[in-house]
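S.K.: First, the structure itself, so that you have it in front of you.
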Amino acid sequence: MSSLPKLRVLDLSGGQFQDLPEELGDLKDLVYLDLSCCFNLKILPDTVGKLHGLKYLGLYKCIMLKYLPSSVIYLTSLQVLHTGRCGMLWPAYFPSGMARAWLNFGLTIRATLEDICGFVDLTELSVSGGTQSVVKLPHNISALTKLKYLQFEYIETLPHEMSHTFKQLKQLDLGYCMNLEYLPRSFTCCGAFPALICLKLYFCVSLVEFPEVDEGALPKLRTLDFWCCNSLKHLPLSLEVLTSLNNLRLSCCEELKNSCRTNCEKSLVWRRFNIRYDI
């Protein structure tokens, strides 16, 4: 790597290596680093913190990666961080019921999700726990006001304030939130998510209610997707106030299909929705 000091893009996705050389930090001009689907990758070198110009860091499905080095807090230019399906990464610090005092243990070696939320220029963030544990979101996630894409999987709770904090958010994906029974009422109140275009909820198997929608909420929402939300029996008729909504997708949600057909009989607005009843 030392022979490529001007390298700007490095795509190592799908690699079979377990670690990376310390010389990674010598690539001072690197702006894009993709390590997605490196299933054997266990550690990142501490020198990754020297990549001050890095804007994209892809770690999607790095299933053996256990932690990020504390030096990542120096990646002050980072705009995109994908850690989805890194089941061993965040639960090490945010399993259900863990005391907050323990989060600070060993910070000189490892970075926590609270540290990641210090990247105030992030526009895309993907955070995932695993089937054995869930992620508890830190209090300072509301600092990421520039986010445009946000994906949460295996999380325990949703911050109530995020609907008004993330004013630039365009897409929100919520998946495998097994314990999530209700969305915060703030998600559909007046002024909520002013820029959101797409909302996806998949495998939220405990979700029993979608909140009533107020006038002025989600003014730009065009796509609303439900996949395998089997406990959700109906959608509120008040969805008709979403004047931009034109794609409503229901996949493997049998009860929702019947509810939507009933709503279409009651509302002319519902009849104009492009509703897809996918199997």
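S.K.: For residue 111, what residues show an amide H to amide H distance below 5 Å, using hydrogens built from the backbone and excluding near sequence neighbours?
M.R.: Here the answer is 68, 70, since their amide H atoms fall under 5 Å of that of residue 111.
S.K.: Just the Kirkwood number for segment 162-209, please: inverse of mean 1/r across all distinct Cα pairs, in Å, one decimal.
M.R.: 11.3 Å
S.K.: Give, as a single signed number, the net charge of other residues whose beta carbon lies under 13 Å from the beta carbon of residue 56, with Lys and Arg counted +1 and Asp and Glu -1.
M.R.: My count for the surroundings of residue 56 gives -2.
S.K.: Could you compute the net charge surrounding residue 179? Neighbours are other residues with a C-beta less than 15 Å from the C-beta of residue 179; K and R count +1, D and E count -1.
M.R.: Residues near residue 179 contribute -3 overall.
S.K.: Treating the angle as unsigned and between 0 and 90°, give the value, to the nearest 10°, between the Cα long axis of helix 254-266 and the longest Cα principal axis of the chain.
M.R.: Between helix and principal axis, roughly 50 degrees.
S.K.: Go ahead and set up a Gaussian network model of the chain, Cα springs under 10 Å, then flag whichever of 265, 181, 215 fluctuates most.
M.R.: 265
S.K.: Of 60, 70, 35, which is farthest towards the positive pole of segment 23-70's charge dipole, taken about the Cα centre with +1 and -1 on the beta-carbons of Lys, Arg and Asp, Glu respectively?
M.R.: The one lying farthest along the dipole's positive direction is 60.
S.K.: Let me ask something additional. Only Lys, Arg, Asp and Glu count, each charged at its Cβ (+1, +1, -1, -1), so figure out the dipole size of the chain about its Cα centre, rounded to 20 debye.
M.R.: Once rounded to the nearest 20, the dipole reads 480 debye.
S.K.: What distance in nm separates the two pseudo spin-label positions at residue 142 and residue 19, each 7 Å out from Cα along the beta-carbon direction?
M.R.: Modelled inter-label distance: 4.1 nm.
S.K.: Another question, if that's okay. Per residue, how big is the convex hull of the chain when only Cα atoms are used? Give it in Å³.
M.R.: Measuring per residue, one finds 121 Å³ for the Cα hull of the chain.
S.K.: Right, something else. Above 14 angstrom, tally the Cα pairs of segment 135-177 and express them as a % of all pairs, no decimals.
M.R.: Counting every Cα pair in segment 135-177, those more than 14 Å apart make up 46 percent.
S.K.: Over all distinct alpha-carbon pairs, what is the Kirkwood Rh of segment 119-226 in angstrom?
M.R.: Computed over segment 119-226, the radius equals 13.9 Å.
S.K.: Which of these, 169, 199, 59, has the largest mean-square fluctuation under a Gaussian network model of the chain (Cα springs below 10 Å)?
M.R.: The residue with the greatest mean-square fluctuation here is 199.
S.K.: Something else: Given the Cα-Cα distance of residue 52 and residue 157 and 0.36 nm per residue of separation, how much length would full extension add, in nm?
M.R.: Net length gain for the segment: 34.6 nm.
S.K.: Suppose R0 equals 22 Å; then what is the FRET efficiency for residue 209 and residue 251 from their Cβ-Cβ distance, rounded to the nearest 0.05?
M.R.: Using R0 = 22 Å, I get an efficiency of 0.70.
S.K.: A further question on this structure: So between residue 267 and residue 7, what do we pick up on full extension, going 0.36 nm a residue minus the alpha carbon distance?
M.R.: Extending this stretch completely gives an extra 87.9 nm.
S.K.: Hey, another quick one. Return the lysines within reach of residue 6: Cα separation strictly under 21 angstrom, same-chain partners fewer than 8 residues apart disregarded; answer none if there are no such residues.
M.R.: 28, 50, 55
S.K.: Now, a different point. Treating cross-link reach as a plain straight distance, find the aspartates and glutamates whose alpha-carbon is under 17 Å from the alpha-carbon of residue 136, omitting any fewer than eight places away in the same chain.
M.R.: Correct list for residue 136: 114, 115, 153, 156, 161, 173, 181.
S.K.: Here's something else I'd like to know. Identify all lysines with a Cα-Cα distance to residue 233 below 26 Å; exclude those on the same chain that are fewer than 8 residues away in sequence.
M.R.: Result set, ordered by chain and number: 200, 220, 257, 266.
S.K.: Next question, about the same structure. Do the sum for the chain: with -39,500 (n - 2.57) for every DSSP H run of n ≥ 4, divided by all residues, what is the mean residue ellipticity at 222 nm, to the nearest 500 deg cm²/dmol?
M.R.: So the calculated ellipticity at 222 nm is -2000 deg cm²/dmol.
S.K.: Please work out the FRET efficiency for the pair residue 110 and residue 182, using the Cβ-Cβ distance as r and a Förster radius of 35 Å; give the result to the nearest 0.05.
M.R.: Calculated value: 0.60.
A short reminder: the numbers here are calculations on the coordinates, not readings from a lab. Since this is a predicted model, take the numbers as computed values, not measurements. Cβ coordinates were reconstructed from backbone atoms using ideal geometry, including for glycine residues, and neighbour counts include every protein chain displayed.
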